[in-house]
Structure formats: C-alpha cells, structure tokens
4 protein chains.
Amino acid sequence: MSDLELSTTIQMKVRFHECDPLQIVWHGNYFKYFEEGREDFCQKHGISYLDAKKNNFATPIVKTECEHKLPLKHSDEFEVETSFINAEAAKMIFHYKIVSSGKLICTGRTTQVFTDKNSELVLNNPPFFLDWKKKMGLIK
Amino acid sequence: MSDLELSTTIQMKVRFHECDPLQIVWHGNYFKYFEEGREDFCQKHGISYLDAKKNNFATPIVKTECEHKLPLKHSDEFEVETSFINAEAAKMIFHYKIVSSGKLICTGRTTQVFTDKNSELVLNNPPFFLDWKKKMGLIK
Amino acid sequence: MSDLELSTTIQMKVRFHECDPLQIVWHGNYFKYFEEGREDFCQKHGISYLDAKKNNFATPIVKTECEHKLPLKHSDEFEVETSFINAEAAKMIFHYKIVSSGKLICTGRTTQVFTDKNSELVLNNPPFFLDWKKKMGLIK
Amino acid sequence: MSDLELSTTIQMKVRFHECDPLQIVWHGNYFKYFEEGREDFCQKHGISYLDAKKNNFATPIVKTECEHKLPLKHSDEFEVETSFINAEAAKMIFHYKIVSSGKLICTGRTTQVFTDKNSELVLNNPPFFLDWKKKMGLIK
C-alpha cells in the first residue's frame, strides 16, 4: 500500500432548502455534499462510475458514515475535502472532511464495492481499477 | 368531452426534512405530494408511465403550477386529491388539491405530453391512451 | 412602472441526486435552481427575506410555475437568469430562465406576497420595499 | 442496563423522486426513512425532540451510519424497524433495520447528544430523559 494520498477540495455554499426547521443543514444532506466531493475527485483523477460502467462493473455504495462536530447554516460557505483511501480489498473507499471558516464541521466516509454485469459482488479488484491505481502511483 | 371527473385521494403526513428554516414545508416539496397523488391515481385507474413505456411512449412533464393558500408544518396530516382533466389535446393533465383539517392548503396542476421512441413530441393521442379513455368512459 | 429590468445570472451544474430514474432532473428540483437564482439576485441587489424579516414582514411564496422545454441531465452545466418583474401590486414576482449550451431548458415564475407580524396579508407595498424600488430606479 | 429492547415498526413505500438515475433509492435518502422510523418511535413511546425542547435541551445528531445489503426500487414497499439502544452515556442511540419482502435491505444507526440552552454539550443524562427511561423500565 502506498503512502501517497490523493485528495481534492471543492467550495460549496449551503442552499436554503437544504436546511431544516432547526435552521441547520438537515443531517442526511451532508451525503449530497460528500457526493459532490466524490464526483469532483473522480472527474479530476479520471475514474468515475461511468468508467466502471464501460467495463461492465457497477460500484454500489455499501456503507456510509458521518460524524458531525458543528452545524452548517443557510448561506454558509464551506469546503469538502475528498480523499481516496487506498485499501487492498476490492473496494473504493473515500473519506470526506467539511470545513467552514477554519472550523471542522464533519467528517464522513463512503465504501463502494464492485459488482459485475450479473450484479454479483466481485471479490478481486477489476483490471480497470488496478490500471488506474498503477497510473496514480498507488500500487506498483 | 365527458362531464365525468375521475379523482382519487390519498392521506399523507409532513416529514421533518420536508420543512425549511421557516418551519413550513418548502414550496418545491409540494410537487412531491402531487406526484404521490398522481402515482396513486394512475395505479388505481390502470394507467402509468410504465404503460406508456410499454407502448414506446414517454410522458414528460412540460408544465407545473402550484398556488399556495396556507402552509403545512411538520407532522401535519393532509390529503391530496388528484383529478384527471379530460383535455382533447394529446396531453395528460392532472389537477391537485391539498386539504388539511378541513382547510385548503394549495392547488396545483401538472401537464404531461407524449413523446415517441425518438423523443419526438406526438401531436395525436396515442392509441393506448385513447383505449384507456374509452375504458374509463371519458370518450365514446 | 419602469421599463428597466433587473436581472442576474448564476452558473450551476446538475448534481447526481437531483436526477430521477428517467435519468433527467426531477421536475420539482427546478424550483431549487430558481431559489438559488432568486437568492443570488436578492444578495446582489440588496433585498432579501432577511431584510423583510428585519422590518417585521415575511414574504411567503404564493405561486410557483415552471414550463419545461428540454431536460437537464447529470453533470449538465447551465445558467439561471433571474429577473425581477416590477408589478404595481404588493408582490415580489421573479421570472426565471434556465439555459444550457445555448438551449432553453425551462422558464419559471414565483410570486411572493408580504405578511405582517400577525401573518396577515399586507395589501400595500411595505415602506422598506418601496424604498428599495426607488433606490433601484423602478419607481420615482 | 436493561435487557429490554424497545422497538417500533412502520410501513413505507419508495417514492419516485427518491430514486436516482441508477433506478434505485439514492443512498442518502435512507436517512429520511430512518427519521420517519425514529419519529414514529418517539411519538409512540412519548419522547420527542419537542419534549427535549420543552426542557431546554436540543438533541443534535452527531453520528449517522448505514450499511446497505440490497437496493430498494421505485414503488417497493418496506418496513423500518427502529430500536432504542439503552446506552449509559448521555446519548440517544437508535438502530434501524429496513426489510422488504422478507429481505434485509439495510441497517443503520443514529447517535444524538444533549445540548443545553447555551448549545453546550451536556455530559450527564438530563432529568427528563432519566424519568423517561425509568417509566419505560430501562433503568431502576
């Protein structure tokens, strides 16, 4: 496993309808922000669910987690830092960190697996994914 | 055109995350309730977007409207009355009325057209839709 | 009434979770984009629901409309043009136009009224709103 | 700690707009279902965020988790089983299980803490919460 950590950061702003009657971002909406971070990461680093699809794999999310430290409010600006966790298992794991005005808002994590065209779980890393890892210097 | 009016009614309850920082249902969420009403209507009266699909038609929504009289709040129970508007043009028009505790909350309307497998607008009512109208006694 | 038209434009991009099983933006989500346009307009032109609130008025949305021409898909980039419609009645009316790659996607409109601290409808334009209109050259 | 486990079950149905372009419920939407389960539990067992509020406490969510086994699709009917986890710490922990047609769809967990009127974290169980636990037979 490599020490190298790949990460990207995007700037976002809380939308009015993302907030709940407690005047804060509704907790489930943080997964929208994580998704934006993940999509941006995948676009910048050349690996997306469309690449998987082209190779007849799907990458369903099997686990999501979020730990909240501070709430975000309407109009708050924040950044989402998305990092790829270089696991050995046939999984795509991303870690997220949301920061606003220098304060940690929350951290999160999503885990995706690979399924083949019969929707069966794939236990070994698909070739296209290993190729990508090599290209990124994550494995030799 | 027939005088007969087809309508169905469903019971719903406001979910917490559907409310905004003003403590009322966010205005765009009423279209979720209308959709629930429309789906229920279509299921009960045997006409759905899947029927259209089976006949190689899609039924995209081309117009949505909502007039708000009173707000709904978290946990409010309400009913959505969905009525089919029997237009002569090749359109599916539904009218909605949301009532809670005997008070009118809002009315709305959605207009759908038919497109064929090339995504081209269809100007005449598709046979499967005319068959349905006949079956429902809306046309002779 | 002035001929002058105030408008602002923002750039947006379709998020994955805003799309439905038909692979297009779910129709109700366009009101999210309109809201982003309206909020940007209000911030740039110095009039927001917080200004209203400071003056003890609320500005509930009483009518929403959207006419769809073409669908947006995941990752599509688009712009929302928000224009203030200078009505004489005590209303805030905004018109929206969404354009992507030079093509008209949809147009929309929202109508807001003023209510006082007892949640009663206000029939005359509140002073703070008339002041804003004068400042913007919309009335003399 | 008591062996007794409190739980409630509600019936739900997947709404069209809760599904994503992959034709399955978008992963973040499961937290909406969990919330419905939690609210139902709290209503049936006489403990809600409003009770907390009345006692000058808020109960912010500090952690959310979901493990997905199988996807839900449009119109799928399912049940949400919500169980209260009787922790000793000053926390409200709920566990969720979603089952459809006898198959396990996902499990989840949310953790809430208590904050006082100054939004400060409360380290000991608030009296109203201990009273509720006694009433429910969870502590002596």
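Rounded, prolate or oblate, given the Cα gyration tensor of the protein assembly as shown, with a/c below 1.5 counting as rounded?
Judged from the Cα gyration tensor, the protein assembly as shown comes out rounded (a/c under 1.5).
Compare C:Lys13, C:Lys117 by solvent-accessible area with a 1.4 Å probe and give them largest first, with all protein chains kept in place.
The residues order as C:Lys117, C:Lys13, largest area first.
Given R₀ = 45 Å, what would the calculated FRET efficiency be for D:Lys91 paired with C:Glu67, taking r from the Cβ atoms and rounding to 0.05?
0.35
Of A:Pro127, A:Pro21, A:Pro71, which has the largest mean-square fluctuation in a 10 Å C-alpha GNM of chain A?
Looking only at A:Pro127, A:Pro21, A:Pro71, the largest GNM fluctuation is found for A:Pro21.
May I ask you to give the percent of accessible area on the protein assembly as shown that is carbon plus sulfur, with a probe radius of 1.4 Å?
48 percent
Out of C:Val14, C:Val62, C:Val25, any idea which swings most in a Gaussian network model of chain C, alpha carbons joined below 10 Å?
For chain C, modelled as a Gaussian network with Cα springs under 10 Å, the answer is C:Val62.
Would you mind giving the mean number of other chain beta-carbons within 10 Å of the Cβ of each residue in C:6-19, as a whole number?
Mean partner-chain Cβ count within 10 Å for C:6-19: 3.
If I build a Gaussian network model for chain B, linking alpha-carbon pairs within less than 10 angstrom, which residue out of B:Gly37, B:Gly102, B:Gly46 has the largest mean-square fluctuation?
B:Gly102
How many Å² of accessible surface get buried when B and A come together, counting both sides, probe radius 1.4 Å, rounded to the nearest 100?
800 Å²
Over region A:47-140, with the other protein chains present, what is the accessible area per residue in square angstrom, probe 1.4 angstrom?
Dividing the accessible area of region A:47-140 by its residue count gives 52 Å².
Would you please give the FRET efficiency between B:Lys103 and D:Asn56, computed as 1/(1 + (r/R0)^6) with r the Cβ-Cβ distance and R0 = 35 Å, to the nearest 0.05?
0.60
If I fit a long axis through the Cα atoms of helix C:30-44 and take the longest principal axis of the Cα atoms of chain C, what angle between them do I get, 0 to 90°, rounded to 10?
Value to nearest ten degrees: 50.
Once each part is reduced to its C-alpha centroid, what is the distance from region D:52-76 to region B:40-65 in angstrom?
32 Å
May I ask you to find the residues of region D:25-42 that are shielded by at least 10 Å² of accessible area once the whole protein assembly is considered instead of their isolated chain (probe 1.4 Å)?
With the partner chains in place, region D:25-42 has these residues losing at least 10 Å²: D:Trp26, D:His27, D:Gly28, D:Phe31, D:Lys32, D:Glu35, D:Glu36, D:Glu39.
List the trypsin sites (Lys or Arg not before Pro) within region A:30-112 that fall in a DSSP loop (any state other than H, G, I, E or B) and whose Cβ has at most 13 other Cβ atoms within 10 Å.
A:Lys69
The values are calculated or read from the model by the stated rules, or taken from the named source; none is laboratory data. Owing to the predicted nature of the structure, the values given are computational and were not obtained by experimental measurement. Here Cβ is always computed from backbone atoms with ideal geometry, including for glycine, and neighbour counts include all displayed protein chains. Areas reflect the complete protein model, heavy atoms only, side chains present, ligands, DNA and RNA absent. Shrake-Rupley method; radii C 1.70, N 1.55, O 1.52, S 1.80 Å.
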